[in-house]
Amino acid sequence: MADGRRPGGLTAIAVLNFVFGGFSVFLTLGYMIVSVFGSKGGVVHTHDGDYVISLPVLYLNLVLQAVSTILLIMSGVGYIQMKKFMGRWLGCTYAILSLLGTVVDIALAHGGIGIGTIILSIWPILTLILVNTTFKDDLVN
């Protein structure tokens, strides 16, 4: 923006990043709890025993989730400050890592593609689109 004011849409995606980042913190803590308390013999079972995930895959998901959470919150700060690196580049890195985590979950954990997978993929895809098109010129500092 030429007059230096932050666009309302950029503020909105920053707020959504903080909200989703808060949820993501709880999801990361959940991964940690499951990896510590839910494992038996190197694998983790669900309550019905049908879904089994190996601990290395769980740890990979945990790392991807933790890094994505940090990047999500940091990019929200970057959007508020209209910073190119903190907003645009960390936002894109978050989106790519988040989508990579989804692919890992589908491929290695045999999670399958369900409605939850689709919903969790919407925000990273929207982030990539918005910061590289609509708000590209606003994240310049």
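With respect to (1) crowded, with 16+ Cβ neighbours inside 10 Å; (2) in contact with a Gly (Cβ under 8 Å, 6 or more places away or on another chain); (3) assigned to a helix (DSSP H, G or I), the lone exception for F135 is condition (3). Here Y31, Y79 are screened, and the one residue that is surrounded by 14 or more Cβ atoms within 10 Å (Cβ to Cβ), aromatic (F, W, Y) and modelled with pLDDT under 90 is Y31.
To keep it simple, each residue is scored yes or no on (1) assigned to a helix (DSSP H, G or I); (2) modelled with pLDDT of 90 or more; (3) of a type in the set (D, E, K, R).
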site: I13; (1), (2), (3): yes, yes, no
site: L27; (1), (2), (3): yes, no, no
site: H47; (1), (2), (3): no, no, no
site: L60; (1), (2), (3): yes, no, no
site: V67; (1), (2), (3): yes, yes, no
site: I70; (1), (2), (3): yes, yes, no
site: M86; (1), (2), (3): yes, yes, no
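The values are calculated or read from the model by the stated rules, or taken from the named source; none is laboratory data. From a predicted model like this one, the values you see are computed outputs, not experimental measurements. Virtual Cβ from ideal backbone geometry, glycine too; neighbours counted across all protein chains shown.
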